[in-house]
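One structure is given here, and the rest of the page talks about it.
The values are calculated or read from the model by the stated rules, or taken from the named source; none is laboratory data. Note that the coordinates shown come from a computational prediction; the quantities given were computed from them, not determined experimentally. For neighbour counting, all protein chains shown are included, and Cβ atoms are generated from backbone atoms with ideal geometry for every residue, glycine included. With ligands, DNA and RNA removed, areas are computed over all heavy atoms of the protein, side chains included. Shrake-Rupley method; radii C 1.70, N 1.55, O 1.52, S 1.80 Å.
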Amino acid sequence: MHDAVIVSAVRTPFTRAFSGALAQASEFDLAKAVVRGAMEKPGLRPETIDEVALGEVYQGGGCIARYVALDLGMPADTPGIAIGAFCSSGMVAMHHAVAAVRSGMKHCVIAGGVTSVSISADPATAPKKWSPSHPGSTGEPASDLTFNLGEMTARKLGVSRTDIDEWAYRAHSTAVDAIDHGLFDEEYIPVEFGGRSITSPDELPRRDLTPQALAELEPVLGPGHTVTVGNQTGLTDGAAALAICSRAYAAEHRLTPLATVRGWANVGSEPNEAMSAALTATRRCMQVAGLRTDSVTRFEVHDSFAVLGLAFERGLDLDRDKINVLGGGLALGHPFAGSGARVALTLVHSLRHSGGGTGVGVILGAGGMATAIALEVPAA
């Protein structure tokens, strides 16, 4: 069995859907930027890539990965594959790449995810009807993640609105601090489209957010509920990709491994109990990797709702200082299929520049799914 190592990890800035700097960029533009970046940063040539696997959520019947592979000059026999697992798609694409490399079937795969919410969810350009994530019911509506993930998790956990808002405030203030100190700079690559090159930082983190402002927001679903526009993530456009290859291939091509993938898991649960899937996926992933919670240096959970971060912290009895140390998905934003890969690459870079260690990332998907990955990262 071959070690699977990550030799590059990049993403676009995550910008506000419909009004941000990437609102006019197509998913092809976004995907091309990150696949090119994942290839060029370590010095990979197009003919050395065995496959491109990209997560997509709003699939329109095509395959962005194959299009981009050809557009970037990869040989005609380089396949592309579209991975669909809702918000988990980008990380599931990584699982696909790691399995192919570990088995020896592939030597080098670029994996990640991409979503332009601005274009895919725009009524003028989007499909008339999306596929539901699960068979809906009164208690598990198929199109209301605010209820299924946000409110149901808060109800079962028994947390207060104050606790939830506190998590949200930490997320935004931490992300702003990380941006100001250049801690995401190594992740970003420019996006070129329409004669423009966008290199702006993430747009969602709120500099003006205060605990008082959070407390004054009305719940989305009305009185008695907990989710507000301030303690859930915002819709963003973006993409992320990583180059994953065997350790032998990295040595042969003089590539520096940024991280080794030690384990992964992908599980499901009842649609309104997705947080239990996240905890199960994390535990299974750590078991495969031979890790305990107290031996993991950092955790990164995609907290599309602040209550999910709290549930993760309490469910695994973790020290908050080990979770989402650069702000997490709540503050950085959620370009659906791009978020799972973002979770992994943020772990890679943050650990490399803080002395190395082990990291576990997890993301929930609609319909009661969750996906996790465990990484071993050397110091930079």
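Kindly evaluate residue 90 against the criterion of being open to solvent by less than 50 Å² (accessible area, probe 1.4 Å), modelled with pLDDT of 95 or more, of a type outside the set (A, V, I, L, M, F, W, C) and more than 24 Å from the chain's Cα centre (by Cα).
no
Could you grab me the full set of residues in the range 99-114 that are hydrophobic (A, V, I, L, M, F, W, C) and surrounded by fewer than 24 Cβ atoms within 10 Å (Cβ to Cβ)?
99, 100, 105, 108
Starting from residues that are surrounded by fewer than 16 Cβ atoms within 10 Å (Cβ to Cβ) and without any contact (Cβ under 8 Å) to a residue 60 or more places away in the chain, keep the ones in the range 219-242 and report whichever is nearest to residue 111 (Cα to Cα).
Among them, the one singled out is 229.
Limited to the range 339-378, what total is found for residues that are in a helix (DSSP H, G or I) and in contact with a Lys or Arg (Cβ under 8 Å, 6 or more places away or on another chain)?
6
Within the range 123-145, is even one residue at pLDDT 85 or above, surrounded by fewer than 24 Cβ atoms within 10 Å (Cβ to Cβ) and among the polar types (S, T, N, Q)?
Within the range 123-145, none of the residues are at pLDDT 85 or above, surrounded by fewer than 24 Cβ atoms within 10 Å (Cβ to Cβ) and among the polar types (S, T, N, Q).
Which condition from (1) surrounded by fewer than 19 Cβ atoms within 10 Å (Cβ to Cβ); (2) at pLDDT below 95; (3) in contact with an Asp or Glu (Cβ under 6 Å, 6 or more places away or on another chain) is the one that residue 270 breaks?
Of the numbered conditions (1) surrounded by fewer than 19 Cβ atoms within 10 Å (Cβ to Cβ); (2) at pLDDT below 95; (3) in contact with an Asp or Glu (Cβ under 6 Å, 6 or more places away or on another chain), the odd one out for residue 270 is (3).
Output the qualifying pairs, or none if there are none: Cβ atoms under 9 angstrom, residues six or more apart or on different chains, first residue in the range 207-218 and open to solvent by less than 100 Å² (accessible area, probe 1.4 Å), second residue part of a helix (DSSP H, G or I) and of a type in the set (S, T, N, Q).
Note: pairs meeting the criteria are 209/173; 211/162; 215/162.
Determine which single condition residue 66 fails, assuming it passes every other condition in (1) within 29 Å of residue 262 (Cα to Cα); (2) in contact (Cβ under 8 Å) with a residue 24 or more places away in the chain.
(2)
Quick one: in the range 303-333, which of the residues that are open to solvent by 10 Å² or more (accessible area, probe 1.4 Å) and either within 15 Å of residue 13 (Cα to Cα) or part of a loop (DSSP other than H, G, I, E, B) (or both) is modelled with the lowest pLDDT?
Filtering the range 303-333 for residues that are open to solvent by 10 Å² or more (accessible area, probe 1.4 Å) and either within 15 Å of residue 13 (Cα to Cα) or part of a loop (DSSP other than H, G, I, E, B) (or both), the one modelled with the lowest pLDDT comes out as 304.
Residues being surrounded by fewer than 19 Cβ atoms within 10 Å (Cβ to Cβ) and of a type in the set (A, V, I, L, M): count how many of those fall in the range 248-261.
The total comes to 2.
Which of the residues belonging to the range 39-68 are open to solvent by 40 Å² or more (accessible area, probe 1.4 Å), in contact with a His (Cβ under 9 Å, 6 or more places away or on another chain) and acidic (Asp, Glu)?
Residue satisfying the conditions is 50 alone.
If residue 245 satisfies every condition in (1) surrounded by 20 or more Cβ atoms within 10 Å (Cβ to Cβ); (2) under 26 Å from residue 323 (Cα atoms); (3) of a type outside the set (A, V, I, L, M) but one, which is the exception?
Just one mismatch for residue 245, condition (2).
If I filter the range 285-302 for residues that are in a loop (DSSP other than H, G, I, E, B), over 23 Å from residue 92 (Cβ atoms) and either of a type outside the set (A, V, I, L, M, F, W, C) or out of contact with any Ser or Thr (no Cβ under 9 Å at 6 or more places or on another chain) (or both), do I get at least one hit?
yes
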